[in-house]
Amino acid sequence: MNGIIDLSILQVLSAYIFIAVLMIILRVRGIAREKEVLISSIRMTLQLILVGYVLVYLFESMNPFLTLLVLLVMESFAIYNIIQRSKSPLSKELKNIVALSMVLGTLTSLLFFLFVVIQISPWYDPQYFIPIAGMLIGNSMTGISLGVNRLLDGMKDQKTLVEAALMLGATPKEAAKEVVDSAFDSAILPTINAMVGMGIVFLPGMMTGQILSGVSPVTAIAYQIAIMLGIVGSVSLTVILFVQLGYKSFFNDRAQLKTD
Amino acid sequence: MFSIEQITYKNIISVSKLTIHEKEITCIVGESGSGKTTLLRMLNHLISPDQGRITFQNQDLMDIDPIELRRKVVMLPQTPVIFQGTLRDNLEIGLRFSDKSSPSEKELAETLKRVKLQKDLDENAQNLSGGEKQRLALGRILLMEPEVLLLDEPSSALDDETESLIIQTFVDYAKEHSKTLIMVTHSKALAKNFADRILQVRGGEVHEWNH
């Protein structure tokens, strides 16, 4: 296997031709999106350059505290993002539950993945720790986001059904079961679909990256299978924690639906 | 059975003193929006009054396990709620929710007959008409045999003839099995026909209505 072809600045710049083509199309068709395209490509460039240098620094310094700091930043950003992306505002209690489920769910799967599956050493090796944490946290973030919206919508749309069940003597758990199950289901479905299409419909980014950098496709696939399973685990764990704790926030201690 | 003292709920209803007797048919009448449903929901402990006290069998509602209470004091909402599945599923679900054993085929068939539903037990319940859904929901709580039945406008989706047939069924059932029946209705005629006692909610307050 050969190493990867190093890209010169000129080569990278040439790829901006694609943006230029898009800008021309927008101009010709009179679609007012030029500003967004320009800003987002500049943002993307700057963010990646920055992260590149940060990663170089992290990999060279091999400092456990820095690795943990990165983990903290990722978790905080993910939690913030879930709360921001929610279609309707979340109660304080529900925000706390989002944070708790994200941290507990992703950390458990991350620790298992790093120390049982890959068995990295030292434990804070940023080359493994950071990208894997990123993939697990990112996917779990998407999962919980879906779960949050489905749970909120479900508790609102199915309110009469939930309440009718309470009237008949159901516990809040039974009364909310359908809503909770459907929120869980819709939150993990994209991850399950990703497994089905993997390798046929698309080559996942991590595997492609490893192959490009000269790693044997067999090794790359082994990693991809492992990370995919890790993602499934992390997504299901965070989402089940969230929905199980989350539905309770809609009821008070007298098993009544809270008003507002 | 129920005793209410000095309760208020938001600015919807306030009751200074009210007793609802065991094994009686109590009808609650009043204009729409007067707070009849709110009162019923408080008895089922779906909501709690902002102040004051409600007792059931001499026990403060706040000291009773809410789930246990609702299994004894079952409420039927005004708009019938139909759960996913067949008529059978919908009849059984009340017993399932309250952790009771499943009814026999015979009991299910009898219940359908009592609420005047000539339908197959395995039919999808979503296909029923509004009136049929209401009768199915009524059948569901009949099967549960609770001590107290709270019915919120049980006949709002029924035609006059079916209405009196169904209410008669419930009244007979309550008398026969010594159950307490509390029924919200807009129809004073219906109340006069069936009630042992009529309560009128007016201007957020409850009075005995002597007819």
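Among residues of the range A:200-226 that are of a type in the set (Ser, Thr, Tyr), those with a Cβ under 6 angstrom from a residue that is surrounded by fewer than 14 Cβ atoms within 10 Å (Cβ to Cβ), sequence gap 6+ or separate chain, pair up as A:Ser213/A:Ile4.
Can you find even one residue in the range A:70-86 that is away from every other protein chain (no Cβ under 14 Å), touching a residue at least 12 places away in the same chain (Cβ under 8 Å) and either of a type in the set (Ser, Thr, Tyr) or assigned to a loop (DSSP other than H, G, I, E, B) (or both)? Within the range A:70-86 (the criterion being away from every other protein chain (no Cβ under 14 Å), touching a residue at least 12 places away in the same chain (Cβ under 8 Å) and either of a type in the set (Ser, Thr, Tyr) or assigned to a loop (DSSP other than H, G, I, E, B) (or both)), the answer is yes, since at least one residue qualifies. The residues listed here are A:Ser234, A:Ser182, A:Ser213, A:Ser186; of these, the one that is in the same structural domain as A:Pro89 (by TED's automatic domain parsing), at pLDDT below 90 and among the hydroxyl-bearing types (Ser, Thr, Tyr) is A:Ser213. Just one of the listed residues (A:Leu104, A:Leu114) is assigned to a helix (DSSP H, G or I) and farther than 26 Å from A:Phe250 by Cβ, and it is A:Leu114. Examine the range A:216-238 for a residue that is of a type outside the set (A, V, I, L, M, F, W, C) and within 14 Å of chain B (Cβ to nearest Cβ), and state whether such a residue exists. No, the range A:216-238 contains no residue that is of a type outside the set (A, V, I, L, M, F, W, C) and within 14 Å of chain B (Cβ to nearest Cβ).
Considering only the range B:158-190, how many residues are under 26 Å from B:Ser129 (Cβ atoms) and in a helix (DSSP H, G or I)? Here the count works out to 16.
Which residue is farthest from B:Gly203 (Cα to Cα), if the candidates are limited to the range B:12-38 and must be touching a Gly at 6+ places or on another chain (Cβ under 7 Å) and not small (Gly, Ala, Ser)? That would be B:Lys36. Scanning the range B:50-71 for residues that are free of Cβ contacts under 8 Å to residues at least 40 places away in the same chain and more than 14 Å from B:Val148 (Cβ to Cβ), we see that the one that is surrounded by the most Cβ atoms within 10 Å (Cβ to Cβ) is B:Pro66.
Residues in the range A:242-260 that are surrounded by fewer than 21 Cβ atoms within 10 Å (Cβ to Cβ) and away from every other protein chain (no Cβ under 14 Å): A:Gln244, A:Leu245, A:Lys248, A:Ser249. Scanning the range A:128-170 for residues that are touching a residue at least 40 places away in the same chain (Cβ under 8 Å) and either facing chain B (nearest Cβ under 10 Å) or of a type in the set (Phe, Trp, Tyr) (or both) turns up A:Phe129, A:Val162, A:Glu163, A:Leu166. I'd like to check something: does the range B:123-133 contain any residue that is within 14 Å of chain A (Cβ to nearest Cβ) and part of a loop (DSSP other than H, G, I, E, B)? No, because not a single residue in the range B:123-133 is within 14 Å of chain A (Cβ to nearest Cβ) and part of a loop (DSSP other than H, G, I, E, B). The selection criterion, being in contact (Cβ under 8 Å) with a residue 12 or more places away in the chain and either over 16 Å from A:Val98 (Cβ atoms) or among the small types (Gly, Ala, Ser) (or both), does not hold for A:Leu241.
Taking the criterion of being surrounded by 18 or more Cβ atoms within 10 Å (Cβ to Cβ) and of a type in the set (Gly, Ala, Ser), the residues of the range B:83-118 that qualify are B:Gly94, B:Ser98.
From the list A:Ser101, A:Ser91, A:Ser121, exactly one residue is in the same structural domain as A:Ala226 (by TED's automatic domain parsing), within 19 Å of the chain's Cα centre (by Cα), on the phi < 0 side of the Ramachandran plot and hydroxyl-bearing (Ser, Thr, Tyr). Which is it?
A:Ser101 is the lone residue from the list that is in the same structural domain as A:Ala226 (by TED's automatic domain parsing), within 19 Å of the chain's Cα centre (by Cα), on the phi < 0 side of the Ramachandran plot and hydroxyl-bearing (Ser, Thr, Tyr).
The values are calculated or read from the model by the stated rules, or taken from the named source; none is laboratory data. Just so it is clear, the model here is predicted, and its values are computed rather than measured. Virtual Cβ from ideal backbone geometry, glycine too; neighbours counted across all protein chains shown.
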